[in-house]
Amino acid sequence: YDPAIAFYVGTLGFTLTSDLDMGGGKRWVTVQPTGGGASLLLARAVTPDQSAAIGNQTGGRVALFLETDDFQRDFDAYTAKGVEFVRPPNIAPYGTVAVFRDLYGNLWDLIQYS
């Protein structure tokens, strides 16, 4: 749990919204982008099937969208913190977007809508 918290809170700037000890080594940990939005439950895989799906729940497609009000600020900050961008910034009809990989291999769009 702690490496995931460090990535989402320390690197991406999310807010830790809960961290409850559930006993037996299990925790209920949720994070949310600062300013609101959907929360993520950070769960530990406990079965071989769950482990096999880490980072590939969407078959290699972007799973999540992280909206920003200042694309360049956040792109530069994430790059400086070592976030791996797998597709460079692109200006599209709907806004500016770049794709990054999280700590576990999930693909995200960092996006500032036009």
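The values are calculated or read from the model by the stated rules, or taken from the named source; none is laboratory data. These figures come from a predicted structure and were not determined experimentally. Using ideal geometry, Cβ is built from the backbone for each residue, glycine included, and neighbour counts are taken over all protein chains shown. Just the protein is used for accessible areas: all its heavy atoms, side chains included, with ligands, DNA and RNA removed. Shrake-Rupley method; radii C 1.70, N 1.55, O 1.52, S 1.80 Å.
Restricting region 26-65 to residues that are within 16 Å of the chain's Cα centre (by Cα) and among the hydroxyl-bearing types (Ser, Thr, Tyr), which is modelled with the lowest pLDDT? Step by step, filter region 26-65, then rank; the result is 58.
For beta carbons closer than 8 Å, sequence separation of 6+ or different chains, a first residue in region 15-44 that is farther than 16 Å from residue 106 by Cα and a second that is basic (Lys, Arg) and modelled with pLDDT of 95 or more, the qualifying pairs are 19/27; 20/27; 21/27. For beta carbons closer than 6 Å, sequence separation of 6+ or different chains, a first residue in region 61-90 that is in contact (Cβ under 8 Å) with a residue 60 or more places away in the chain and a second that is among the hydrophobic types (A, V, I, L, M, F, W, C) and loosely packed, with under 15 Cβ neighbours inside 10 Å, there are no qualifying pairs.
State all residues of region 1-36 that are assigned to a loop (DSSP other than H, G, I, E, B), crowded, with 17+ Cβ neighbours inside 10 Å and in contact with a Leu (Cβ under 7 Å, 6 or more places away or on another chain); if no residue qualifies, say none. Break it down into steps so the answer makes sense when it comes.
First, pick out the residues of region 1-36 that are assigned to a loop (DSSP other than H, G, I, E, B): 1, 12-14, 24-25, 33-36.
Then drop every residue that is not crowded, with 17+ Cβ neighbours inside 10 Å, which leaves 12, 14, 33.
Result: 33, single match.
Taking region 28-64, which residues are within 19 Å of residue 2 (Cβ to Cβ) and touching a strand residue (DSSP E or B) at 6+ places or on another chain (Cβ under 6 Å)? Hits for region 28-64 are 28, 29, 30, 31, 32, 39, 40, 41, 42. Within region 37-54, the set of residues being open to solvent by less than 50 Å² (accessible area, probe 1.4 Å) and either touching a Gly at 6+ places or on another chain (Cβ under 6 Å) or not small (Gly, Ala, Ser) (or both) comprises 40, 42.
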